[in-house]
Amino acid sequence: MSILVTGGAGYIGSHTCLELLNAGHDVVVIDNLDNSKEESLNRVQQLTHKKLKFYHNDLLDVTAVRRIFKENRINSVIHFAGLKAVGESNQIPLRYYHNNITATLILCAVMSEFNVFNLVFSSSATVYGDPARVPVTEDFPFGPTNPYGRTKYMIELILRDLYASNPLWNIVLLRYFNPVGAHTSGRIGEDPNGIPNNLFPYITQVAVGKLESLSVFGNNYPTHDGTGVRDYIHVVDLAIGHLKALQKLKENPGVVAYNLGTGRGYSVLDVIHTFEKASGIQIPYKIVDRRPGDAASCYADPGKAKQELGWSAAKGLHDMCADSWRWQSDNPDGYED
Ligand code: NAD
Ligand code: UFG
């Protein structure tokens, strides 16, 4: 029996494929390579000395999705595929709704046709919006503030309706906080197109000399040093969380949601200073205006995942910085190298 990984060539997907192969699972990937390169999967196979099966297809192509289920004995699906850029989602909301939501509808319909009812879905802390207080528990009210976040929120609702209609479904919703870092080999990591929107890839590109200086978005937030606070989580810890979620599916949990974060909040300045220590490189930065839509502080209460999945993050901020830096410095142009 195989695990189907949608979006498996992407950042979190590739790290999860590696952990799945290492744990002895058979892995089938579907990815349209819209935001990734097949090279990530080549490297996953080199690192594990194991093969996976790759379909270069779009989830919106129902015929292709059916073919994958016909050609493989799929037992469970981990659904990463989606568009994820917050700013872009404001400019092209229809593309986000279509790609993220319609693709999920197609995936679930084909899963039902083939009697596959085990699903792990990549949700996001973004469903909470700007939380009224921290740490955030899973029962917090939803308040996504952009179309990307609303696709995640809507998909969560759709998946709950699906379970209500047919209790054969087992669905784990994983709400990631801020995934960063890279595999310790330095062979796979995050490879954003163009100028990065997110803090970590921006810092590593400044460190490697591709960008001049970091803009820190605001230093007048009500946080310990005035800069925004987030719960950064190492991508390998996150990948392992998916293996724990697959285990959970075996208990027929219905629909369950878990925060995957460390439970610790770090400010932008904390990250800069830790990165400087880990890399030995000074990061030039300037304070600029707040970025519209940013929360002051967002970090998880990861207690439910610890209690019910037996999962907690093992890696700290220094590991995240050191591993991001190893990936970036070994691959200054990402998978193009
Ligand atoms: P990513 O862009 O690196 O990976 C997503 C993959 O999905 C890409 O390889 C892309 O080519 C593929 N894809 C997109 N649409 C597709 C389609 N219609 N058909 C087939 N393949 C398609 O992103 P990531 O950081 O690995 O994120 C994975 C998932 O986790 C996404 O759903 C994202 O929204 C969610 N998430 C990410 C973060 C983050 O900060 N990275 C935080 C919370 C949640
Ligand atoms: N920041 C800067 N300068 C930059 C980039 C970011 O100061 O160049 C700051 C932000 O203001 C924020 C912190 O660094 O305080 C983190 O910003 P990111 O863009 O790295 O991450 P966000 O928390 O804004 O959002 C990310 C993903 C979302 C996801 C969310 C929760 O981009 O898709 O985490 O998982 F929903």
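Values quoted throughout were computed directly from the atomic coordinates according to the rules given, and no laboratory measurement underlies them. Given the structure is predicted, the values throughout are model-derived calculations rather than measurements. Neighbour counts run over all protein chains shown; Cβ positions are idealised from the backbone, glycine included.
Here are a few things to note about the model shown:
- Any chance G334 is in contact (Cβ under 8 Å) with a residue 40 or more places away in the chain, under 21 Å from the mean Cα position of the chain (by Cα) and under 21 Å from G129 (Cβ atoms): no
- Qualifying residue in segment 308-322 (condition: closer than 24 Å to I188 by Cα, under 16 Å from the mean Cα position of the chain (by Cα) and assigned to a helix (DSSP H, G or I)): yes
- Only listed residue being within 13 Å of ligand 2 (Cβ to nearest atom), touching a residue at least 60 places away in the same chain (Cβ under 8 Å), out of contact with any Ser or Thr (no Cβ under 7 Å at 6 or more places or on another chain) and small (G, A, S), chosen from G87, G129: G87
- Given (1) of a type in the set (V, I, T); (2) under 20 Å from the mean Cα position of the chain (by Cα); (3) within 10 Å of ligand 2 (Cβ to nearest atom), number of the condition V256 does not satisfy: (3)
- Pairs linking a residue in segment 141-160 that is acidic (D, E) to a residue that is within 12 Å of ligand 1 (Cβ to nearest atom), with Cβ atoms under 6 Å and 6 or more positions apart or on different chains, are E156/S123; E156/L173.
- Condition check for L157: more than 15 Å from ligand 1 (Cβ to nearest atom) and not charged (D, E, K, R): yes
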